[in-house]
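> Supplied in C-alpha cells, the structure appears directly below.
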Amino acid sequence: PCAVFSSPLVFNASTLLMMIQRIQNLYLFLAIIAMALIFFFSQGWYLVGSGKFYTLTLFGLQEGGTEPFKTPMSYYNVALFLVLTLINLVWTFCSYRNLKAQRMRAVISMVFVVLYCAMDLTFVVGFYGDLPGVANFVPNIGIFLPLAALLFTGLAWRGIQRDYKLIRSVDRIR
C-alpha cells in the first residue's frame, strides 16, 4: 500500500515530502504526471485536403470538436493499457522503501511506456485508412508525453541504481 494515504481519505503530506526527498521519486512523480496528462491532450490532428480536420484523442477520432465518430473497440485497449501503465508507475513510486523492488518495477514501467508508445503509434498510422481523401498528421503534445515519461522513468531508474550501489558499498564496508 502507498504510504501517502494513512487512511482511505486522509492525505499525509509529510510522508509525501519524505518520498520525494530522493531524486528518483521526483522523476517518477514527473513521469506519472506526464502519463496522466495524456487524458487531457489530443494526440494530434489529421488535416484532410477538403479543409476538414479530425482530432485524435485517447477516446477516438473526432471531426472538429464534436463527439468521437470513429472509436474502434481496440483503441479502448490503448486507454486501458495507459491506465495499467499509470498504476504501475504509482506502484513504483510508492515502493520507495524497497530499492530492489523499485528498481525492478522501474524497468517494467519503462517497458510499459514503450509498449504504450508502440500501440499509440500503431493507431495513429491505422487511422489514415479510415479518413476520406489524403490526410496529413500534425502531432500535438499528447503524442510526446509518453516520451517524456520514458525519459523521467529512465532517469529514476538511474537514480535507483545509484542508491542501490551506494547501499551495497556501505554494506561491504561494515
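The values are calculated or read from the model by the stated rules, or taken from the named source; none is laboratory data. Worth saying up front: this structure is predicted, and the values here are computed from it rather than measured. Please note: Cβ atoms are built from the backbone with ideal geometry, for glycine as well, and neighbour counts cover all protein chains shown.
> Being of a type in the set (A, V, I, L, M) and over 18 Å from Arg168 (Cβ atoms) is the filter here, so list the residues in the range 87-101 that pass it.
Of all residues in the range 87-101, those of a type in the set (A, V, I, L, M) come to 87, 89-90, 99, 101.
Passing the criteria: Ile87, Leu89, Val90.
> Then there is this: Test each condition in (1) closer than 23 Å to Leu37 by Cβ; (2) modelled with pLDDT under 85; (3) not in a loop (DSSP other than H, G, I, E, B) for Arg168 and report the one that comes out false.
If we test Arg168 against (1) closer than 23 Å to Leu37 by Cβ; (2) modelled with pLDDT under 85; (3) not in a loop (DSSP other than H, G, I, E, B), just (1) comes out false.
> Say we look at the range 150-173 and pick out the residues that are among the β-branched types (Val, Ile, Thr) and over 25 Å from the mean Cα position of the chain (by Cα); which of these is nearest to Ile23 (Cα to Cα)?
Narrowing the range 150-173 to residues among the β-branched types (Val, Ile, Thr): 153, 160, 167, 170, 173.
Within this subset, residues satisfying the condition of being over 25 Å from the mean Cα position of the chain (by Cα) are 167, 170, 173.
On the way: Ile167: 16, Val170: 20, Ile173: 25 Å.
Per the stated criteria, the residue is Ile167.
> If you don't mind, there's one more thing I want to ask. Keeping to the range 86-130, report how many residues are among the basic types (Lys, Arg) and not in a helix (DSSP H, G or I). Walk me through how you get there before you give the answer.
Start the filter on the range 86-130 by keeping residues that are among the basic types (Lys, Arg), which leaves 97, 100, 103, 105.
Still in the list and also not in a helix (DSSP H, G or I): 97.
So the answer is 1.
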